[in-house]
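Enquirer: Below is one structure. I have some questions about it.
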Amino acid sequence: MLLIGCPWCGPRDETEFRYGGQAHVAYPETPAELDDQQWAEYVFYRENPKGPFAERWMHSAGCRRWFNVLRDTVSYEVLAVYRNGEEVSR
Amino acid sequence: MSRLPAGGRVDRGTVLRFSVDGRELTGHPGDTVASAMLAHGIIEVGRSIYRGRPRGIMAAGVEEPNALLQVDGPCSEGMLPATTVELYDGLVASTLSGKGRLDPTPDPAVYDKKFVHTDVLVVGGGPAGVKAAAEASAPGVRVMLVDDQPEPGGELPSDVVVLTRTTAIGSYDDNYVLALERRTDHLGAAAPANVSRQRLWHIRAGRVVLATGAHERPLVFAGNDKPGVMLAGAVRTYLNRYGVAAGSQVVVFTNNDSAYDTVRDLLDAGVEVAAVVDARPEVSVDVDVRILTGSAVINTEGEDRITGVLVRSLEGDAVESFECDLLAVSGGWSPVVHLHSQRQGKLRWDDSIAAFVPDGAVRNQEIVGAANGEGLWPTRALWLVPSDSYDTHFVDLQRDVTVADVWRSTGAGMLNVEHVKRYTSLGTANDQGKTSGVNAIGVIAHALGGSVGEIGTTTYRAPYTPVAFAALAGRERGDLFDPERTTSIHPWHVEHGALFEDVGQWKRPWYFPRDGEDIDAAVARECRAARNGVAFMDASTLGKIEIWGADAGEFLNRIYTNAFKKLKPGHARYGVMCRPDGMIFDDGVTLRLDDNRFFLTTTTGGAAGVLDWLEEWLQTEWPSLDVHCTSVTEQWATIAVVGPRSRDVVSVLAPDLDLSAEAFPFMTFRETTLASGVPARICRISFSGELAYEINVSSWYGLSVWEQVYEAGLPYDITPYGTEAMHVLRAEKGYIIVGQDTDGTVTPHDAGMAWAVSKQKDFVGNRSFSRSDTARADRKQLISLLPTDGTTKLPEGTQIIARDVALTPPVPMLGHVTSSYHSEALGRPFALALVAGGQSRIGETLMAHVGSELVPVQVADLVLYDPEGSRRDG
Amino acid sequence: MNPLPEHPDFLWRNPEPRSSYDVVIIGAGGHGLATAYYLASKHGITNVAVLEKGWLAGGNMARNTTIIRSNYLWDESAAIYEHALKLWEGLPEELGYDFLFSQRGVLNLAHTLQDVREGMRRVNANRLNGVDAEWVEPSGIAEICPIVNLSPKTRYPVLGGTFQPRAGIAKHDHVAWALARRADELGVDLIQNCEVTGFVKDGNRVVGVETDRGRILAGRVGLAAAGHSSVLAERAGFRLPVQSHPLQALVSELNEQVHPTVVMSNHVHVYVSQAHKGELVMGAGVDSYNGYGQRGSFHVIEHQMAAAVELFPIFARAHVLRTWGGIVDVTPDASPIIGTTPVENLFVNCGWGTGGFKATPSAGWAFAHTIATGEPHPLNAPFSLDRFTTGALIDEHGAAAVAH
Amino acid sequence: MADLRRSPLAHLTFPQGLTELPFRTMVNLRVEPSSETAARVEKALGTTLPRQCGQTSEAGSRTVFWLGPDEWLVLADSAEVISELVEALGGEPGSAVDVSANRTIVELSGPFARDVLEKGCPVDLHPREFGPGNAVQTTVGPVPVLLWQTDAETYRLFPRSSFADYLARWLMDAMSEYVPFAPQQQSWRVSGSEPDLGSLDE
């Protein structure tokens, strides 16, 4: 049971959140100009590191805001939490 | 071997009656079943699981490997260590041979959970834990202590929250500790009703102090499993806590000083100690008992209980025998590091005490007392007593694993303790190797020549002690297993005999049978009413989202495959949304309330997912758009009034509205006040192809307005209908149900909705349509199927194959039936199906594989009923 | 007496790695061992090393719930899993090892009308694909598994189910050891405690691996590292569309036999069998987040227990004895990737998610073929990496929304 | 017209300590807190929009709950507040949506109230962390709620209307060790009926 620090509501149990996978994967500005491989990279390929991972969570049972978490995928330790548009500060 | 005349923490003034294996026994409050059995001189319990050897009570706590009980009760429970079952009056139990029995009687007990937060959590109420809790206690600081015994081992400040009979079973990330409290198990029939039998505590702690103590290890020698061989510390516990002497003539076998405390206490209690056999060459203790140093017990005598032991010097050959009925053994102590290890805490081998000890604590935790190796005795490791045969040197008593078994595994090539565990099943029994784990590693090291520290332990897994499934289920059982979501109109449906369908968590009326009707008859009647007269259904479960903002139209343009930006206020439009992979994700009708406000509907099951989807795009991709979404699913009750006579009904309800097709055309809506005074939004939307109105009112009025519709419709024999009739009506029109006619592999084009895919704008998923596989012309496409015999209703899920295909597996399949109904309107059964290249097969005959029969079917256009759409205007 | 058959007296050598091999397989899990076994036994390639960073078959092979079935929806999946099931049926004899393969059947319960539709669709597709499958009404379920709660008063009443009689369970560790023993006999070097830290490449061609025990050259390299596939792929210089998630499982203490088959419920979210010794073996869905920690969150276990007690009231006072977690590599379409990679002579077998154990023989069989010939076998050709670009996914999500 | 309304829990017989407070006006308000629009909204409400999770503000019979960084729930006795808020927004970015019937309010009161909630609520309800005037969105059992403490022994829970029946039953069950309650006579739950599955078996 992770304890996730919602940047708006403070620390809450993992059960209040929805996981959103890798953070900072921007929707391509001009999808039509991408070739199939590039489009596949956007749709299907995500980083899967063993160690620190920038990921998105949404506080679904609380303020319903998406935000970013830097979390170690081995120790599960939350290293940083930051709002959309903010930089990670550890 | 009996209850001592004095001493112990049992209430001798009260006698409790109980029985074990049919023997009527007595004990006192404060006893466990084990201590009360020992007080009667009974040490033997169920025989061993595989070899059928006699076994006895060996320990005094959770580490007990042998004494397992099946305890009777309203629901019998098995595999409970007799050393942990508190005695109550009337307890009836039988001993087990390593295997329990599940009672089919429904468990009547209540289980609950508790979620609490504390600054400090101390696990363990022994001296170290009590001290840690007392030290942590301070004004404004929340301190909790949990201990598995009925009372903590010392005085605690009053502001410390103490949970007794509570075992910390698991330790999880961020100091989340699970602890099981046994609230009424010790009360027997006196347990109060409505109080949970057991409670699972979810404790989030700022700091965790582990004061979990240590478990004593037995020694490994021939015949070390017989009844009468008992851990020295347990012998002492029975003396001091329960006032019970577990034997009358005792030999002690040890490799460390801790056993001498037992010797002293036995002597103080007047119990004869025949000898102490100490594996260490030199011993400096002051007890008035003969000590054989540098020696070991090499075998035990007796069958159902030991009658004596054979002792030999570890260096020499001379064997001496001693009579005894109890052999107290101590092979050293293992700190209870389970909770530390569950958090990936490191361990190191400490040679001086021959034990794995924590190598530093995990973040925000500390380990105190014996759990940290503190105060444990210098120990001479003696992993096994040398012998000619190792077939009765038991390492894991509960799984009947001997030294010979362990060495067979290492001989087979296994170098890793995990392999040995799996080859022998060592350490996997009910006690999870609490007494056997470290000894096993010693035995492996003996065979492989490495050090115990290098070999390392197996992983410690939660739970620390076994927990009943029902205790983990807690309150979410039976009626409360999962929420049933219901609409404001639900009471009417129940009263009128609806049968319900589960759609997500919602209960939706499936159909409303009249007396004697089966589903086919009821649905046929409901469909006839909608096509020929008037019918109404509760559509309140549809997801509803208000979308405000100057960019709301632009936003919907990006989300839906079709265009919404130019939709006029007062108008409605059906939309489809896709995932980035181009596959249909949800659909529904959206109203434009005014320039900057839309009202979007989703499928019943999709509501939460769609709102999340919209918010995700808005918050993470397009935060600059002026758009705000608000879920209003339960705000509105939605009543669909359907059929040629629907206008007559609605005109009674909403007399202020001009309902003519010209004044109130299809795919528009009007705000009005009903004759009853209820404000309403009425839409000309049709999911049936008939003239239809959807009346939306505040769900406060949902039931009332539903009844108003019913009243107004009585002259026209208005008929309530459920999801099944809805499905028939929509399928006749070729309207899809997302999730039934689509399965995550269907594009809007595949579903016959190319018309809903804009070529003028981009939207989520658009790019995927041009991928080579997605652009194939022979993809599976949704079409209708008409069984050519005009009578066969194809089962949903039927596979479709080409004509003249041999039925030799694997048979090439063209697709499958997604929806299939008997149509009253068409006077025949029909189906929707996803068929490869279906749209170019219209008119072709294919075969439906039904059971072992092949049923010819003709491929037809998706829309079978009123393809011109002439009926929707009435 | 112990109901389990005796293990062999000898299983494998523990050789030192040599400096080069014709083929190096990374990962001595079930798939890696099966690949080595089939390379040696079917393709005559015996100069093979299987490198394992920990202990042999100590990853998901040691942690799964041992369910074997082939009743998958899509043709491609049915083909490869049914091939596996046929191999399973012959393996105990072929390998000379009784690994307790028990064809006790697998029952997938339907709790909603949509479950029923999907179940019927799958049964019909299975039959035409030559996979044994039948639709069972509640009365039939009562016969197959009398302890299932069939009361219409439950929150999600059982409306029926699909049953695959030939499906079942096997003892996971023993399967691995059986494959390992034969591979070892055929000359394959099984090298434990040997972690691959990098790849030796000549241009875009792999020619060996770097390990913590030194460089090992190889003509061809096969990646069979399950949860760690992405990490290794990255070291080799290409990406995989997989995410590694924790998947938890648990066992109860030993109880007398009450559960004669395997029951899975996607809707209520639990699957359970009772092993030969008597313990209930159970699992549920994956944890939501990425994780290499071989552990998950406790609420997943709690939900699973609620589901278990709802479906099987007799389990109320069974006890959770031990919980654990594995790392499952999940692809976007919940189907595996077996084939070539952008790196020459480097082949990948990954993305099995929760289906890896049951596919062990055919995954090894097809992967061995691919490595031996340099080309995928028709069985695994559809499971190419390329499908994520063309869109030709094999989407098993609908058919297996819950892990198993 | 009031007699035409029916609240989501009208069918239940409540034990001591549990009751429904139906038919309150609720508005879901979205506005950028630093904007002039927000200032207008605050003026219209006669109170500030709380800026932190857990906070509420009051003006007369109206209470404003923080739901998110740009989102609030306004609770009022009467419906005028809806048009007042829409007017205050003045067409600028934001929204004020009537959600009065979207949720209902369940009041749990008594010396056991916190104990009962702690049986299913993961938020820290210790008086040091949460007290009268505090409100958060969280879960109680499996049900999402807005949870508002109004005095030392009273909490108000705002579930979605469709979840209200389940939540009330969950609470009654959790309360039963403190307050015995009779089985619900008026239950309209129908899980006991057996569906006719004839048509599925073809």
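Rule-based calculations on the coordinates, nothing more; no lab input. Keep in mind that this is a model prediction, so the values were computed, not measured. Glycine gets a Cβ as well: all are built from the backbone with ideal geometry, and neighbour counts include every protein chain shown.
Enquirer: Checking the cross-link filter: which lysines have an alpha carbon closer than 24 Å to that of B:K434, excluding same-chain neighbours under 8 positions apart?
Expert: B:K99, B:K226, B:K346, B:K421, C:K277
Enquirer: Another one. Rg(Cα) of chain B divided by 2.2 N^0.38 Å?
Expert: For chain B, the normalised Cα radius of gyration is 1.31.
Enquirer: OK, next. Treat the count of other C-beta atoms within 10 Å as a stand-in for reagent exposure and order B:W755, C:W352, B:W548, B:W201 from fewest to most.
Expert: Arranged by neighbour count, lowest to highest, B:W755, C:W352, B:W548, B:W201 become B:W755, B:W201, B:W548, C:W352.
Enquirer: I would also like to ask the following. Can you give the Rg and Dmax of segment B:100-189 based on its C-alpha atoms, in angstrom?
Expert: My reading of the Cα-based Rg and Dmax gives 15.3, 50 Å.
Enquirer: How much of the DSSP bridge set in chain C is antiparallel, in percent, rounded to the nearest 5?
Expert: 70 percent
Enquirer: List the trypsin sites (Lys or Arg not before Pro) within segment B:1-98 that fall in a DSSP loop (any state other than H, G, I, E or B) and whose Cβ has at most 15 other Cβ atoms within 10 Å.
Expert: Passing sites in segment B:1-98 are B:R9, B:R12, B:R51.
Enquirer: What does the net charge come to around C:I371 if you take all other residues with beta carbon closer than 13 Å to its beta carbon, with K and R at +1 and D and E at -1?
Expert: -1
Enquirer: Can you list residues whose amide H is under 5 Å from B:L25's amide H, if they're 5+ apart or on another chain and H is modeled 1.01 Å from N?
Expert: Close amide H contacts, sequence-distant or interchain: B:F18, B:S19, B:V20.
Enquirer: Return the calculated 222 nm mean residue ellipticity for chain A, to the nearest 500 deg cm²/dmol, obtained by summing -39500 (n - 2.57) across DSSP H runs with n ≥ 4 and dividing by the residue count.
Expert: Here the helix-only value at 222 nm equals -3000 deg cm²/dmol.
Enquirer: Taking a quarter of the surface of the convex hull around the Cα atoms of segment C:71-226, what do you get in nm²?
Expert: Mean projected area for segment C:71-226: 13.6 nm², to one decimal.
Enquirer: Treating only the Cβ of Lys, Arg, Asp and Glu as charged (+1, +1, -1, -1), what charge dipole size does segment B:543-631 show about its Cα centre? Round to the nearest 20 debye.
Expert: With only Lys, Arg, Asp and Glu charged at Cβ, the dipole is about 420 debye.
Enquirer: On to the next question. Count the net charge of all other residues whose Cβ sits under 11 Å from the Cβ of B:E634, scoring Lys and Arg as +1 and Asp and Glu as -1.
Expert: +4
Enquirer: Additional query: Take segment B:543-631, drop everything but the C-alpha atoms, weight them equally and run the Debye formula without solvent; then report log10 I(q)/I(0) at 0.10, 0.11, 0.16, 0.23 Å⁻¹ to two decimals.
Expert: Here log10 of I(q) over I(0) equals -0.20, -0.25, -0.54, -1.21.
Enquirer: Which one, A:C6, A:Y42, A:Y19, projects farthest toward the positive side of the charge dipole computed for segment A:1-58 from Cβ point charges (K/R +1, D/E -1)?
Expert: A:C6
Enquirer: A follow-up question, please. Using only the Cα atoms of segment B:392-474, build the gyration tensor, take square roots of its eigenvalues as a ≥ b ≥ c, and label the shape rounded, prolate or oblate: rounded if a/c is under 1.5, else prolate if a/b is larger than b/c, else oblate.
Expert: Because a/c hits 1.5 or more and a/b exceeds b/c, segment B:392-474 counts as prolate.
Enquirer: Related question: Binned at 10 Å from 0, what are the whole-percent values of the Cα-Cα distance distribution for the protein assembly as shown, short to long?
Expert: 1, 7, 14, 19, 20, 16, 11, 7, 3, 1, 0, 0
Enquirer: Work out the charge dipole of segment B:543-631 with +1 on the Cβ of Lys and Arg and -1 on the Cβ of Asp and Glu about the Cα centre, then indicate which of B:S631, B:Y574, B:F555 is farthest towards its positive end.
Expert: Value: B:Y574.
Enquirer: When the convex hull of the C-alpha atoms of segment C:215-368 is computed, what volume per residue in Å³ does it have?
Expert: Per-residue hull volume (Cα only) is 140 Å³.
Enquirer: What is segment B:763-827 by shape, rounded, prolate or oblate, if you read a ≥ b ≥ c off the alpha carbon gyration tensor as root eigenvalues and call it rounded for a/c under 1.5, prolate for a/b larger than b/c, and oblate otherwise?
Expert: Verdict is oblate for segment B:763-827.
Enquirer: Shielding by partners for B:105-113, please: the mean number of other protein chain Cβ atoms within 10 Å of each residue's Cβ.
Expert: The shielding value for this peptide is 4.
Enquirer: While we're here: Return the average number of partner chain Cβ atoms within 10 angstrom of each residue Cβ along peptide B:496-506.
Expert: Going residue by residue through B:496-506 and averaging, the value is 4.
Enquirer: Using the beta-carbon distance between A:V74 and D:S34 and R0 = 56 Å, what value does 1/(1 + (r/R0)^6) give for FRET efficiency, to the nearest 0.05?
Expert: 0.90
Enquirer: While we're here: Rounded, prolate or oblate: which fits chain C when a ≥ b ≥ c are the square roots of the eigenvalues of the alpha-carbon gyration tensor, with rounded for a/c under 1.5 and prolate only if a/b beats b/c?
Expert: The shape class here is prolate.
Enquirer: Could you give the radius of gyration (one decimal) and Dmax (whole number) of the Cα atoms in segment B:297-372, in Å?
Expert: 19.1, 55
Enquirer: Here is a follow-up. Is there a quick way to get the dipole size of the protein assembly as shown? I mean about its Cα centre, with the Cβ of Lys and Arg at +1 and of Asp and Glu at -1; what is the value in debye to the nearest 20?
Expert: Using Cβ point charges on Lys, Arg, Asp and Glu, the protein assembly as shown gives about 980 debye.
Enquirer: Oh, and also: Relative contact order for segment B:16-96 using alpha-carbon pairs under 8 Å, separation at least 6, rounded to a whole percent?
Expert: The normalised contact order for segment B:16-96 reaches 37 percent.
Enquirer: Restricted to Cα positions, what overall size does segment B:365-515 have along the principal axes? Three whole-Å values, descending.
Expert: In descending order, the Cα extents are 83, 39, 23 Å.
Enquirer: Something else about it: Order of A:62-71, B:390-399 by packing, highest average Cβ count within 10 Å first?
Expert: By packing density, highest mean first, the sequence is B:390-399, A:62-71.
Enquirer: How do B:E44, B:E63 line up, fewest other C-beta atoms within 10 Å first?
Expert: B:E44, B:E63
Enquirer: Suppose we look only past 11 Å in the calculated P(r) of segment B:1-50. What percent of the Cα-Cα pairs does that tail hold?
Expert: Roughly 70 percent, rounded to a whole number.
Enquirer: Note down, for segment B:176-248, the three equivalent ellipsoid semi-axes (square root of 5 times each alpha carbon gyration tensor eigenvalue), biggest first, whole angstrom.
Expert: So the equivalent ellipsoid measures 33, 22, 12 Å along its semi-axes.
Enquirer: OK, next. If you build the convex hull over the alpha carbons only and average its shadow over all orientations, what do you get for segment B:215-332? Give it in nm² to one decimal.
Expert: 6.5 nm²
Enquirer: By how many degrees, between 0 and 90 and to the nearest 10, does the Cα long axis of helix C:113-128 differ from the longest principal axis of chain C?
Expert: It is inclined by approximately 50 degrees.
Enquirer: Could you please state, rounded to a whole Å, how far the C-alpha centre of segment B:187-209 is from the C-alpha centre of segment B:480-542?
Expert: Measuring centre to centre over Cα atoms gives 42 Å.
Enquirer: Further question: Could you check how many percent of all C-alpha pairs in segment B:1-159 are farther apart than 26 Å?
Expert: Distances greater than 26 Å cover 42 percent of the Cα pairs.
Enquirer: Same structure again: Can you give the mean number of other chain Cβ atoms that lie within 10 Å of the Cβ atoms in peptide B:620-632?
Expert: Across B:620-632, the average partner-chain Cβ count within 10 Å equals 5.
Enquirer: Okay, next question. List the cysteines of the protein assembly as shown that have no other Cys Cβ closer than 4.7 Å: which are they?
Expert: A:C63, B:C75, B:C324, B:C527, B:C578, B:C629, B:C683, C:C145, C:C194, C:C350, D:C121
Enquirer: Could you order peptides B:30-36, B:255-261 by the average number of other Cβ atoms within 10 Å of their residues, highest first?
Expert: B:30-36, B:255-261
Enquirer: With labels modelled as points extended 7 Å from the Cα through the Cβ direction, what inter-label distance (nm, one decimal) is found for D:E80 paired with C:F10?
Expert: The modelled label-to-label distance comes out at 9.6 nm.
Enquirer: Something else: Would you mind giving the average projected area, over all directions, of the Cα convex hull of segment B:16-96 in nm² with one decimal?
Expert: With every direction weighted equally, the projected area is 4.9 nm².
Enquirer: Quick one: dipole size for segment B:215-332, taken about the Cα centre, charges +1 on Lys/Arg Cβ and -1 on Asp/Glu Cβ, in debye to the nearest 20.
Expert: Dipole about the Cα centre, nearest 20: 300 debye.
Enquirer: Let me have the relative contact order for chain B, percent, based on Cα pairs under 8 Å that are six or more residues apart.
Expert: 8 percent
Enquirer: Right, something else. Can you spot the lysines whose alpha carbon is less than 23 Å from B:K566's alpha carbon? Ignore those fewer than 8 places along the same chain.
Expert: B:K566 reaches B:K544, B:K759, B:K761.
Enquirer: Give me the tail of P(r) for chain D as a percent: Cα-Cα pairs with distance above 30 Å.
Expert: For chain D, the fraction of Cα-Cα distances above 30 Å is 30 percent.
Enquirer: Would you work out which of C:L109, C:L186, C:A176 lies farthest towards the positive end of the dipole of segment C:79-190, given +1 charges on the beta-carbon of Lys and Arg and -1 on that of Asp and Glu, about the Cα centre?
Expert: Value: C:L109.
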